[in-house]
Amino acid sequence: MEPLYKTLNLSFDLEGLEQALERIDIGEGTHANPIPLDLFVLTDLKGIYNISRGEGFCLELRKIVESSEISMLNIQLCYLKMNNLTKGRVSFMQKEDWNTIFDIEENDEITFVAPDGCLFLTPIINNEDQTFKIKTKETFSFDGLKEDIFISYNVVLSLLYNSKIYYLRIDPLIKISSGH
């Protein structure tokens with residue numbers, strides 16, 4: 001049976017972003033230090049996105065292009081960086097630790113666990129659709145914690161505009177709950 005994937009669709013104020021790129025010195029950003037994009041996200045990212053154990057999390061990039069000027073924007077997902085922010089954890093996150101929370105053993109999109117303990121995913125690209133997809137385990141206990149787990153995630157995108165590549169990020173929170 002296919003797990004339930006809760007999807008967060010991202011849409012952007014491309015006109016506002018284009019205006020900022022044209023008129024504001026916001027820099028170009030880098031893979032490691034991208035420019036915050038939250039001001040230009042139309043999708044409501046306030047609060048904490050809640051998923052239950054055993055459910056999947058899917059993040060989709062949808063291109064919203066309505067005028068020929070804005071169609072010059074070319075947005076690509078680069079990577080998704082996840083970090084466990086739960087208070088009370090005593091361990092540094094290793095691949096085995098992430099595997100107690102998420103189904104990562106058979107997931108080709110799991111790139112690696114970085115030296116800082118963050119989990120990185122690469123996007124699934126199918127035609128023009130770009131997504132990140134990961135499934136939580138039905139039951140898990142990390143560092144003896146059986147309660148909710150809070151994960152921050154940074155979505156890093158590249159944007160080609162006027163022959164320059166800009167690196168941008170969005171960084172909301174996920175809560176993985178027991179479902180009770």
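The values are calculated or read from the model by the stated rules, or taken from the named source; none is laboratory data. Values in this document were obtained by computation on a predicted structure and should not be read as measured data. Don't worry about glycine lacking a Cβ; one is built from the backbone with ideal geometry, like all the others, and counts go over all protein chains shown.
Listed here are the strands (runs of 3 or more DSSP E) enclosed by the range 33-127 that have at least 2 residues being modelled with pLDDT of 75 or more: 56-61, 74-84, 119-121, 124-126. What is the residue count in the range 13-35 for residues that are closer than 27 Å to G56 by Cβ and touching a Lys or Arg at 6+ places or on another chain (Cβ under 9 Å)? Total meeting the criteria: 1. The residues of the range 16-32 that are modelled with pLDDT of 85 or more, surrounded by fewer than 15 Cβ atoms within 10 Å (Cβ to Cβ) and in contact with a helix residue (DSSP H, G or I) (Cβ under 9 Å, 6 or more places away or on another chain) amount to a single one, G16. Only strands (runs of 3 or more DSSP E) whose full extent lies in the range 128-180 are considered here, and the ones with at least 1 residues that are modelled with pLDDT under 80 and either among the acidic types (D, E) or under 13 Å from the mean Cα position of the chain (by Cα) (or both) are 129-135, 173-177.
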